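Enquirer: Sharing a structure below in structure tokens format, with a few things to ask.
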2 protein chains.
Amino acid sequence: MSKGVTKQSEDFAKWYTDVVKQAKLADYGPVKGTMVIRPYGYAIWENFQSSLDQMFKDTGHVNAYFPMFIPEHFLQKEAEHVEGFAPEVAVVTHAGGKELEEALVIRPTSETIIWHMYKKWISSYRDLPLLINQWANVVRWEMRTRLFLRTTEFLWQEGHTAHATAEEAQAETMTMLEVYRRFAEEYMAMPVITGQKTESEKFAGAVSTYSIEAMMRDTKALQAGTSHNLGQNFAKAFEVTFQNKDNKEELVYATSWGVSTRLVGGLIMSHGDDKGLILPPKVAPYQVVIIPIFRNDSKGLVMDKVDALVTDMRKAEIRVHIDDDEKASPGFKFNEWEMRGVPMRVEIGPKDIEKGQAVVVIRHSGAKHFVQLSELVNFLSDQVVIVQEELFQRALDFREENTHTVETWDEFKEVIDTKGGFIKAYWNGSAEVEEKIKTETKATIRCIPFDQPGETGKCIYSGEESSQLVIFAKAY
Amino acid sequence: MSKGVTKQSEDFAKWYTDVVKQAKLADYGPVKGTMVIRPYGYAIWENFQSSLDQMFKDTGHVNAYFPMFIPEHFLQKEAEHVEGFAPEVAVVTHAGGKELEEALVIRPTSETIIWHMYKKWISSYRDLPLLINQWANVVRWEMRTRLFLRTTEFLWQEGHTAHATAEEAQAETMTMLEVYRRFAEEYMAMPVITGQKTESEKFAGAVSTYSIEAMMRDTKALQAGTSHNLGQNFAKAFEVTFQNKDNKEELVYATSWGVSTRLVGGLIMSHGDDKGLILPPKVAPYQVVIIPIFRNDSKGLVMDKVDALVTDMRKAEIRVHIDDDEKASPGFKFNEWEMRGVPMRVEIGPKDIEKGQAVVVIRHSGAKHFVQLSELVNFLSDQVVIVQEELFQRALDFREENTHTVETWDEFKEVIDTKGGFIKAYWNGSAEVEEKIKTETKATIRCIPFDQPGETGKCIYSGEESSQLVIFAKAY
């Protein structure tokens, strides 16, 4: 059924949609902008969830669930928050056959309802810190949608923590950004730059927002996760105070942080090629696909061997799928599973069995290995690690190749127009300059990286001496 | 903070609410009828999820995610379905600052949107069976709500499968009912009766509905899970046909099945006592709570021992929590963790360490054991199994004691009024009789159990000879 995907170089956006549809990752739902996550795509999300959830628990967090219906007036309580979110909410006006007295907003994010509850639960420093995460669906009514990257309803996790001091809240904000960095780099094999968002790009209601930023294979940037220090803004709005150790009432400090199904889009665009999807082994639903090759007279022989190998692979905790559909040819299957991004393919037929070997083909490199059957499980276990590392390195090299340090405004415009990618340049910290650069070039400041050269330079636009080297890019 | 819970015998409904609130399982949200599932309650739900999810996968199912917004006209397509669900839906009329052209219903269940998608995915017998499950939130606008048991938004899983034959669909319906029975009995230690719902109690749109029915400790019944054979009803409504092996177009056969956060309510009411919650070890967030007992001079000694024991327990995969809060007395902690239902408590102080022992108290029996420290981990591992079995047996005995076989209508009324519980009685199969019994006694037919005596008897109401022995009870 695979018609082959559009080439990346031809039309990257179409390549992306082709991959999502043909690899059966997702489909549009009947309501404009909604997404159906199909089993293969959802299995990737489940792998993300299980790794992230463990990392959250290892850092002391627990899960809970808050209602998705938020009374409309809650949103009004934090001035920046309502300005940021009110334009894109979906509103329930009728339920149970009647018009509601107060309309209900479907959560675009849960700060307001969670801080309403935290007021009930927090009274003393002994109730702090409160370290809660929620896995949930949220709704933001977007005009332009794209599968995984921007849909009106999406799945995510949102952490919401409460602390006794500003220092603790800041430390939590950094801890969770580091969790996201580790997850992106070690599980998704997606290198990211960590840093702070500018004032104009920060979360509506935050004191400061930090993010991980990745480069996609079209050299555009993707904001892949954010961690916010909310200061006392939501505690103020919802009157959440606690008695500190000196018996004084004080406003609680807050953080929130989240990643979403958008990460699946990031995964696709970090690694894929003209044949389709490429999945890093740690998050791939299947790490290995076995294509048995047989005719009627050799079926028993081959399948017995395959079954035995599969048993051994599963013992070694390799996620393996056998494609024994007799209605499709081996060649068809090779293409199909390459397009669907399975990291390794094992081909095994009667002649291979005679020689006591199997053929292993690595998806991302095309490398072909003839492996002794007795060594096969060990070989594949090693490749799980090797392929993961190679994909990370490949993505990192790609990012480095497409990152340009520029020093003049003319150079900036030329690079953005001709090469794209990430541009490292000094910025004077002015929102006005940021806005002008955006208007003229469509490039935005992705973040002010933590990793700074430690010397000043000239602002790319104003020429003023500046201490901030920032990353500019066109972004999703 | 524990004020002690109301006695079950005094006011069971109040006991239930006290336990849910004081054990910090859940809280009401700001919108009427919505629920906040707090971390301790959510940890129970997570344990349910992880066991059920594995059972679904072991029976060949995969997870996916469908949008929660359903175009209003979808609901109209299946006549019984709309009649059943239209009165209780919540409706989105505005989004992104504009009135929508067509109002959107928030899923009360997902048959309609899923079968809309199945039409796109199914064309041949080779696409079948399609075995998909979804973990999601759903909304049903209920007038009378109670935490976990009936809330306007709740969490659940809904399986939706598509099959080539009626026989296969029926087999799937039974397989999943059996998964639910096993989960209820082996994980929740909650004995259930499996059987078929009557025509008037079946799911809106099903050909036949099957359920697991449990008895709560007030002897009322709780429907704890349902599995529906949907026949070709939804395939007809959404025009989902497939080409069968003989190249003929045929309508697809369907099933759906679900359990929800209501199960947490069932767990509470299956095992709890006047001291509060009692949790079976397999689903308890903490299987063991350790209460270290020390003064300033013995703190180091005790905590070193406790830390070493905890390390060993975790190696043995025992879920253990240490309550080392120095601001609360041991006595307070004993009450607190009994109320919160932790299956086993370990007390350990300097004198215990001198004797090389610890005190273990079993929550449900109150049994006190002095256990050598060298034997402690093995003892607790054994108790995880023993307590699980004892709780199941205790619940089963309770159900048996409160199940009455009656043969006359006078007896029926007397038993329902004075003893309650489950009543086994013959029924002539008439919906009219069923309705009259319900009106007169508030007892409903919980199910027609699979386990039948194999002989006929007189209908409890009409006196007609009948082959169906059914279970009547007042129900949640």
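Enquirer: Note down the net charge around B:F154, summing +1 for each Lys or Arg and -1 for each Asp or Glu among other residues with Cβ under 12 Å from its Cβ. Kindly include the intermediate steps, with their values, before the conclusion.
Expert: Working: positive: B:R107, B:R140, B:R146, B:R150, B:R262; negative: B:E142, B:E153, B:E158.
Residues near B:F154 contribute +2 overall.
Enquirer: Using modelled backbone amide H atoms (1.01 Å from N, in-plane), which distant-in-sequence or interchain residues come within less than 5 Å of B:N63's amide H?
Expert: It is B:N133, by chain and number.
Enquirer: Report, for B:S365, each distance to the same residue's label point in the other copies, shortest first and in nm; define the point 7 Å along Cα→Cβ.
Expert: Copy-to-copy label distances at B:S365, shortest first: 6.0 nm.
Enquirer: May I pose another question? How far is helix A:299-315 tilted off the main Cα axis of chain A, in degrees rounded to 10, range 0 to 90?
Expert: With both axes taken from Cα atoms, the answer is about 30 degrees.
Enquirer: Under the 0.36 nm per residue contour assumption, what length would be gained going from the current alpha-carbon distance of A:E401 and A:K355 to full extension?
Expert: Values: separation 46, 0.36 × 46 = 16.56 nm, distance 4.35 nm.
Gain on stretching A:E401 to A:K355: 12.2 nm.
Enquirer: Report, in whole Å, the centroid distance computed from the Cα atoms of the stretch A:125-143 and the stretch A:227-262.
Expert: The two parts, judged by their Cα centres, are 12 Å apart.
Enquirer: While we're on this one: Using a cut-off of under 14 Å, list every residue of the stretch B:447-476 whose amide N is near the label point 7 Å from the Cα of B:T408 along the Cα-to-beta-carbon line.
Expert: B:460-461, B:463
Enquirer: Let me ask something additional. For the stretch B:287-365, give me the percentage of DSSP beta bridges that are antiparallel, rounded to the nearest 5 percent. Please list the in-between numbers first.
Expert: Working: 4 of 12 bridges.
Of the beta bridges lying entirely in the stretch B:287-365, close to 35 percent run antiparallel.
Enquirer: Can I ask one more? Sorted from shortest, what are the nm distances separating the label point of B:E407 from equivalent points in the other copies, each placed 7 Å from Cα along Cα to C-beta?
Expert: Here the equivalent label points are 10.5 nm apart from this one.
Enquirer: What residues have an amide H closer than 5 Å to that of A:D273, excluding those fewer than 5 places away on the same chain, when H is modeled at 1.01 Å from N in the peptide plane?
Expert: Residues meeting the criterion, in which the H sits 1.01 Å from N, are A:I278.
Enquirer: For helix A:39-58, what angle does its Cα long axis make with the longest principal axis of chain A, in degrees from 0 to 90 and rounded to 10?
Expert: The two axes meet at around 50 degrees.
Enquirer: Over 21 Å between Cα atoms: which of A:K197/A:K442; B:K413/B:K436; A:K327/B:K236; A:K14/A:K275 fall into that group? Could you put the intermediate results ahead of the total?
Expert: Working: A:K197/A:K442 17 Å; B:K413/B:K436 12 Å; A:K327/B:K236 29 Å; A:K14/A:K275 13 Å.
Over 21 Å apart, Cα to Cα: A:K327/B:K236.
Enquirer: Rounded to two decimals, what is the ratio between the C-alpha radius of gyration of the stretch B:84-151 and 2.2 N^0.38 Å? Don't skip to the end; give the middle numbers.
Expert: On the way: Rg = 16.0 Å, N = 68, 2.2 N^0.38 = 10.9 Å.
Expressed relative to 2.2 N^0.38 Å, the Cα Rg reads 1.47.
Enquirer: Straight-line reach from A:K315: which aspartates and glutamates have a Cα under 19 Å away, not including same-chain ones fewer than 8 places off?
Expert: Candidates past the 8-residue exclusion: A:D304, A:D307, A:E375, A:D382, B:D58.
Enquirer: Using the alpha-carbon atoms, what tilt in degrees (0 to 90, nearest 10) does helix B:166-182 show relative to the longest principal axis of chain B?
Expert: Once rounded, the angle reads 20 degrees.
Enquirer: Report the label-to-label distance for B:A86 and A:K438 in nanometres (one decimal), using points 7 Å from each Cα along the Cα→Cβ vector.
Expert: Spacing of the two 7 Å Cα→Cβ label points: 4.7 nm.
Enquirer: Oh, and also: Between A:Q76 and A:D451, 0.36 nm times their residue separation minus their Cα-Cα distance comes to what?
Expert: Residue separation times 0.36 nm, minus the Cα-Cα distance, leaves 131.3 nm.
Enquirer: Using just the alpha carbons, could you tell me how many Å³ per residue the convex hull of the protein assembly as shown encloses? Mind dumping the intermediate values first?
Expert: Numbers: hull volume 189.2 nm³, N = 952.
Measuring per residue, one finds 199 Å³ for the Cα hull of the protein assembly as shown.
Enquirer: Along the Cα-to-Cβ line of A:S298, 7 Å from the Cα, sits a label point; which residues in the stretch A:362-402 have backbone N less than 17 Å from it?
Expert: Residues A:370-373 qualify, since their backbone N sits under 17 Å from the label point.
Enquirer: Please list, in chain and number order, the residues 5+ apart from A:Q357 or on another chain whose amide H is under 5 Å from its amide H, with Hs placed from the backbone.
Expert: For A:Q357, whose amide H was placed from the backbone, the distant partners under 5 Å are A:L373.
Enquirer: Another question, then. Under a straight-distance cross-link criterion of Cα-Cα below 16 Å, which aspartates and glutamates are reachable from A:K77, leaving out those fewer than 8 residues away in the same chain?
Expert: Those aspartates and glutamates meeting the cut-off are A:E102, A:E111, A:E239.
Enquirer: Sticking with this one: Mind listing the phi-derived Karplus ³J(HN,Hα) values for the stretch B:358-368, rounded to whole Hz, using 6.51, -1.76 and 1.60 with θ = phi - 60°, and x for any glycine or proline?
Expert: With coefficients 6.51, -1.76 and 1.60, one gets 9, 9, 10, 10, 8, 4, 7, 9, x, 4, 10 Hz.
Enquirer: Can you work out the Karplus-derived ³J(HN,Hα) for every residue in the stretch A:237-245? Use 6.51 cos²θ - 1.76 cosθ + 1.60 with θ = phi - 60°, whole Hz, and x for glycine or proline.
Expert: Whole-Hz 3J(HN,Hα) from phi for the stretch A:237-245: 4, 10, 6, 9, 10, 9, 8, 7, 4.
Enquirer: Name the trypsin sites (Lys or Arg not before Pro) in the stretch A:276-384 that are in a loop by DSSP and that have at most 10 other C-beta atoms within 10 Å, would you? Don't jump to the answer; show the numbers that get you there.
Expert: Numbers: sites: A:K282, A:R295, A:K299, A:K305, A:R314, A:K315, A:R319, A:K327, A:K333, A:R340, A:R345, A:K351, A:K355, A:R363, A:K368; in loops: A:K282, A:R295, A:R319, A:K327, A:R340, A:R363.
Listed in order of number, the matching sites are A:R295, A:K327.
Enquirer: Which of the pairs A:K368/B:K245; A:K119/A:K245; A:K282/A:K305; A:K120/B:K299; A:K98/B:K119; A:K57/B:K474 have their Cα atoms more than 30 Å apart in this structure?
Expert: On the way: A:K368/B:K245 38 Å; A:K119/A:K245 18 Å; A:K282/A:K305 26 Å; A:K120/B:K299 33 Å; A:K98/B:K119 33 Å; A:K57/B:K474 41 Å.
In this structure, A:K368/B:K245; A:K120/B:K299; A:K98/B:K119; A:K57/B:K474 lie more than 30 Å apart at Cα.
Enquirer: So if R0 is 30 Å, what FRET efficiency would B:K119 and A:D274 give, r being the distance between their Cβ atoms, rounded to the nearest 0.05?
Expert: The computed FRET efficiency comes out at 0.40.
Enquirer: In whole Hz, with x marking every Gly and Pro, tabulate ³J(HN,Hα) for the stretch B:62-68 from phi via Karplus 6.51 cos²θ - 1.76 cosθ + 1.60, θ = phi - 60°.
Expert: Running phi through 6.51 cos²θ - 1.76 cosθ + 1.60 with θ = phi - 60° gives 10, 8, 8, 9, 10, x, 7 Hz.
Enquirer: While we're here: Divide by every residue of chain B the summed helix terms, -39500 (n - 2.57) for each DSSP H run of at least 4, and state the resulting mean residue ellipticity at 222 nm, rounded to the nearest 500 deg cm²/dmol.
Expert: On the way: 14 runs with 165 residues, N = 476.
Dividing the helical sum by the residues of chain B leaves -10500 deg cm²/dmol.
Enquirer: Could you tell me the center-to-center distance, by alpha carbons, between the stretch A:170-187 and the stretch B:317-382 in angstrom?
Expert: So the separation of the two Cα centres works out to 36 Å.
Enquirer: Separate question: Expected output is a single nm value to one decimal: the length gained when fully extending between B:K245 and B:E389, i.e. 0.36 nm times separation in residues minus the C-alpha distance. What is it? Let's see the in-between values first.
Expert: Details: separation 144, 0.36 × 144 = 51.84 nm, distance 4.83 nm.
Going from the current span to full extension adds 47.0 nm.
Enquirer: Output, in nm with one decimal and in ascending order, the distances from the A:G463 label point to the matching label points of the other copies (7 Å from Cα along Cα-to-Cβ).
Expert: 11.0
All of the numbers you see were taken from the coordinates with simple rules; none came from a lab. None of the values given here were measured: they were computed from a predicted structure. Backbone-built Cβ (ideal geometry, glycine too); neighbour counts: all protein chains shown.
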